[in-house]
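Beneath this line is the structure, given in structure tokens, with notes to follow.
The values are calculated or read from the model by the stated rules, or taken from the named source; none is laboratory data. Because the structure is predicted, anything quoted here is derived from the model rather than measured. Cβ atoms come from the backbone with ideal geometry, glycine included; neighbour counts cover every protein chain shown. For accessibility, only protein heavy atoms count, side chains too; no ligands or nucleic acids. Shrake-Rupley method; radii C 1.70, N 1.55, O 1.52, S 1.80 Å.
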Amino acid sequence: MAYEEVELSRDCEAIQVPEGTKVVLPRGTRCTISQALGDSYTVQVPRMGLFRIAGKDADALGKTPAPSSRERTAGEPASEDDVWRALKEVYDPEIPVNIVDLGLVYDLRVEATPAGKRRVRVAMTLTAPGCGMGQVIAMDAKQRIEALPGVEEAQVELVWDPPWNPQMISPEGREKLGIA
């Protein structure tokens, strides 16, 4: 996506990057969309910094939210592949590569519940332990998993062992980032 300058058409909730602080950007704020991935937007506001705007607020940017790729037939339980696909829609607002291809997801377990639904457990890390966006990214992953049909519960745990390093990035992620 090319950078695009826009003006907010209404007050809009945003999360400051990398601090993770919730703020309200007022109507009329001029900003530049620098990333539009996973149905969220990263915008640069002059003299204020970077912010993440959720897809539900796309209209404030003059955009229409992208349809979710996780829609499935009602009654069909989510599979492990469905969970991986949902996680591939989760992005760090500063990096144009999803958390799976960044190598941030260390473990994924899908278990059947007595009610015939699914319980999903994910262990993931961040590129840096002090990232203020950690809980935001983990919550995004949890909400995407819980939106899948038949998922009763999702737990996303942030872990720090082993420490993340760039060698964990998938070949697809390396290609997107332009690294060998």
Q: Quickly estimate the mean residue ellipticity at 222 nm for the chain, helices only: each DSSP H run with n ≥ 4 gives -39500 (n - 2.57), and the total goes over all residues, rounded to 500.
A: -4500 deg cm²/dmol
Q: Measure nothing fancy, just the Cα-based angle from helix 134-146's long axis to the longest principal axis of the chain, in degrees from 0 to 90, nearest 10.
A: 50 degrees
Q: Keeping all protein chains in place, calculate the accessible area per residue for the chain (probe 1.4 angstrom), answer in Å².
A: 53 Å²
Q: Just the number, please: carbon plus sulfur as a percent of the accessible area of segment 82-179, 1.4 Å probe, no ligands or DNA/RNA counted.
A: 51 percent
Q. For residue 109 and residue 64, what is the calculated FRET efficiency with R₀ set at 30 Å and r taken between the beta-carbons, to the nearest 0.05?
A. 0.30
Q. Once the Cα atoms of segment 1-48 are picked out, what are the Rg and Dmax in Å?
A. 10.4, 26
Q) Do any GluC sites (Glu not before Pro) in segment 1-36 lie in a loop, going by DSSP, with at most 16 other beta-carbon atoms within 10 Å of their beta carbon, and if so which? A) 19
Q | Range of Cα positions in segment 3-106 per principal axis (Å), largest first | A | 45, 29, 23
Q | Low-density loop positions, GluC sites (Glu not before Pro), segment 75-180 - DSSP coil, at most 13 other Cβ in 10 Å | A | none
